[in-house]
1. Only one of these conditions is not met by B:SER299: (1) among the small types (Gly, Ala, Ser); (2) more than 17 Å from the chain's Cα centre (by Cα); (3) within 14 Å of chain A (Cβ to nearest Cβ). Which number is it?
2. If I go through the stretch B:332-360 residue by residue, how many of them are part of a helix (DSSP H, G or I) and open to solvent by less than 50 Å² (accessible area, probe 1.4 Å)?
3. I'm trying to understand the selection: among the residues of the stretch B:361-389, which are among the hydrophobic types (A, V, I, L, M, F, W, C), open to solvent by less than 40 Å² (accessible area, probe 1.4 Å) and within 22 Å of the chain's Cα centre (by Cα)?
4. Show me the helices (runs of 4 or more DSSP H) found entirely inside the stretch B:185-283 where at least 2 residues are open to solvent by less than 20 Å² (accessible area, probe 1.4 Å).
5. Residue by residue through the stretch B:315-325, note down the ones that are crowded, with 23+ Cβ neighbours inside 10 Å and either part of a loop (DSSP other than H, G, I, E, B) or within 10 Å of chain A (Cβ to nearest Cβ) (or both).
6. Hey, does the stretch A:82-102 have a residue that's at pLDDT 95 or above and within 11 Å of chain B (Cβ to nearest Cβ)?
7. Determine, yes or no, whether B:ILE132 is buried (at least 22 other Cβ atoms within 10 Å of the Cβ) and either touching a Lys or Arg at 6+ places or on another chain (Cβ under 6 Å) or in a strand (DSSP E or B) (or both).
8. Of the residues A:LEU15, A:LEU33, which single one is within 13 Å of another protein chain (Cβ to nearest Cβ) and of a type outside the set (S, T, N, Q)?
Amino acid sequence: MSPLTRIDHSVILGLIPHGARVLDLGCGDGSLLDKLVRERGVRGTGIEIDDAGVRDCIAKGLPVLQGDIDEGLRDFPDGSIDYVILNQTIQAAKKPVVVLQEMLRVGRKGIVGFPNFAYWRMRWHLLTRGRMPRTDFLHYEWYDTPNIHFCSIRDFDRYCEKTGIVVEKRIFINTGGGGKVYGGGRPNLFAENAVYLLSAPPGGFRKED
Amino acid sequence: MPHTRQPGSVGPVKKQFHTFCEPPHELELEGGGRLGPITLAYETYGRLNREKSNAILILHALTGDSHAAGIYAEDDPKPGWWDYLIGPGRPVDTDKYFVICSNVIGGCQGSTGPASVNPATGRPYGLTFPVITVNDMVRAQAHLLDHMGIDRLLAVLGGSMGGMQALVWSVLFPDRIMAAIPIATTAKHSPQQIAFNQVGRAAIMADSHFNGGDYYGGEIPRSGLSLARMVGHITYRSDEAMHERFGRKLRGKKALGYNFGIDFEVESFLHYQGDSFVERFDANAYLYITKAIDYFDLSMPSGSLTAELARAKCKFLVVSFSSDWLYPPYQSKEVVKSLLVNGIDATYCEIETRFGHDAFLLPGEMDTIIGNFLANLASRGGIKAPSVS
C-alpha cells in the first residue's frame, strides 16, 4: 500500500491551495492530513471511527473527531470547509450517495480517491481464477472486507453525470514502479486508481432542516 | 525537595490557602447576593516558567478536592485523586507544566462553603450561604490566578463537574486559556441528572438531624448524606461494571437471609461508600454543589449553545466514555457540534470502556490522549519548560 499512499497523497497535495480549510473523511492515522498541514499549511480536521487512528492523529497534533463518516458531516454548516477529502474510503461508506452529497454541501470542493474496480488486473483475476480480486491495497477476503460499494471509473463518471455533480478534474494513478500518474487512454481499463476533484451541481446541496 | 519521592509521583505536597474578595469587594454572585471574604484551598505541582505560560488548571468533580496529586505525608496511604495522570514524566508532566488545583467555593475541603464561619455572625453559614453556580466557581478561580500573576493558562482540564468548569472557562475568560479539556461532561444538566441529584438532596433534607442545615456542633444528617452518596455511586458505574465487580455474590453468608439485612455484595459496597463519605463530606456542601450543577446550562442566557460557545477562542479536546450513562457521549457530541459550527478547533474522542462515568478517574486510554494533546499544544505554542534550578 505504501507506493499508492505516496502517489495518491502527492496528487491530492497538488490539488489543494495553501492555507485552505480541509476536512479529511476517514483520515486513518492522519498521515495525509499531517502532510497537508506541514506542506500546504492547511487548517485541517479529520474524522475517523477507529480508536487507534484517532490516537495516532492526536499524537500528531491533528484535530480529529471520532465518528462515522456516514453521520459525521451532519454537524458542519453549508460551505464551511474549502476541501472535503474522501480518499480510499468511499467503497467502505454505508451510504456513499449521502456522503457525496454531504461532502459537497459542507465543502466548496470535494476530492474523492477510489480504486477502479474495472482495472484490467481485476478483470483478469476474475476472468482467469473466477474468484474475487485481491490486490496490494484491496487485500481483504470477500467475507471480511469493509469495502461494500465498489465502482469503476465509468460508473463514477455516470453517477456524476446523472446527479449533475461537476467533475473539475480527474487524475489517474497506477501503483507500479513506485507509483505514477497515468495519462494514457482508456483509463477505465488501464488505471488502478482515480482521484476526482468535484464541486456541487448548480444550485448546490443544502442542509435539510 | 527531599529525594525520597517515588519516580513519577510529585511526592509530598501541601495544601495552601488564598483569601480575597474582602468586604466591601465581595464577589457578585450569578444568582444574586455577594460573597466575601472567600478562601480557596489549592495545591500546586511543578514550577512556573519565567514567562508564566506553562500553567494548567485542574478542575475537580462534585465530591473531589484540591488534592489532585502527591501525598500529604511519607506514610500517606492514598495519593491525590488524579495522581496517575499528574507527575514528573506523567501525561500532565510536572517537569514541563505548573499544575494548579483548587477546591471549589461551596465545597468543604478548605474553600469557603456552607460549613465555613460567616464573619458577620461568628457562626457557620449553613443554609444562609448564598446559592452558587459553576460560573461563580470559575470566577473565584480567576481571582486565584490573578493572585499568582498568571494571565493565561496553557489548559484547563477536568471531568464531570470539572468539565463543566472547563467549558465555562472557555466562554467566560476566552483570552485566558489556550485549551480546554472537558471530559465526561455536558453543556447542561439533563432532567435525569437533575432527578438523581434531587433524590440525594431530598434524602439529606429528610434526615431528622438536618435541622434546616443548622447541625454544626451537634448530630449531623449522617443517614441522609450516606443515602445521597449511595445513589450517586449507582450512577457512576455501568451495569456491566457492576456485574463484573459484584454479580449476585452474597456478603459474608452462604445462603439468602430471608430478612432485610445485607445479603448482596453490592448492598454492602454501597453502604460502605455512603458511610465513609459522611466522614469526609459536609451535607450542606452536597446540597449547594449539586444545585450548582443542576443549574448549569451553558446555552444560557441566549438559549443557543452555539451562540454562547462562539465566544470561545481556545482549542478543545472533548472526551467521553462509551458506557457512561450519567454523562452519555451524546452530551459531549452536542458540545463538539456547536464548536464545529463556530469553526473552532476541536478534537473529540469517545473512549471504549466498561467502567461507566468512573472511567475518567481510572488509568486508561485517556491518559496518553491528554499527554499527547498537551505536548503538541505546548510545542506549537512555544511554551518553555521551567529552567532547571
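1. (3)
2. Adding up the residues that qualify gives 11.
3. If the condition is that a residue be among the hydrophobic types (A, V, I, L, M, F, W, C), open to solvent by less than 40 Å² (accessible area, probe 1.4 Å) and within 22 Å of the chain's Cα centre (by Cα), then B:MET366, B:ILE369, B:ILE370, B:PHE373, B:LEU374 are the ones that fit.
4. Fully inside the stretch B:185-283 and qualifying: B:191-206, B:222-236, B:265-280.
5. Passing the criteria: B:LYS315, B:PHE316, B:LEU317, B:VAL318, B:VAL319, B:SER320, B:ASP324.
6. So far as the stretch A:82-102 goes, no, none of its residues is at pLDDT 95 or above and within 11 Å of chain B (Cβ to nearest Cβ).
7. No: the conditions fail for B:ILE132.
8. Exactly one residue qualifies, and that residue is A:LEU33.
The values are calculated or read from the model by the stated rules, or taken from the named source; none is laboratory data. Just so it is clear, the structure is predicted and the values come from calculations on it, not from any experiment. Quick reminder, even Gly has a Cβ in these numbers, built from the backbone with ideal geometry, and neighbours come from all protein chains shown. Please note that ligands, DNA and RNA were not included when accessible areas were found on the heavy atoms of the full protein model with its side chains. Shrake-Rupley method; radii C 1.70, N 1.55, O 1.52, S 1.80 Å.
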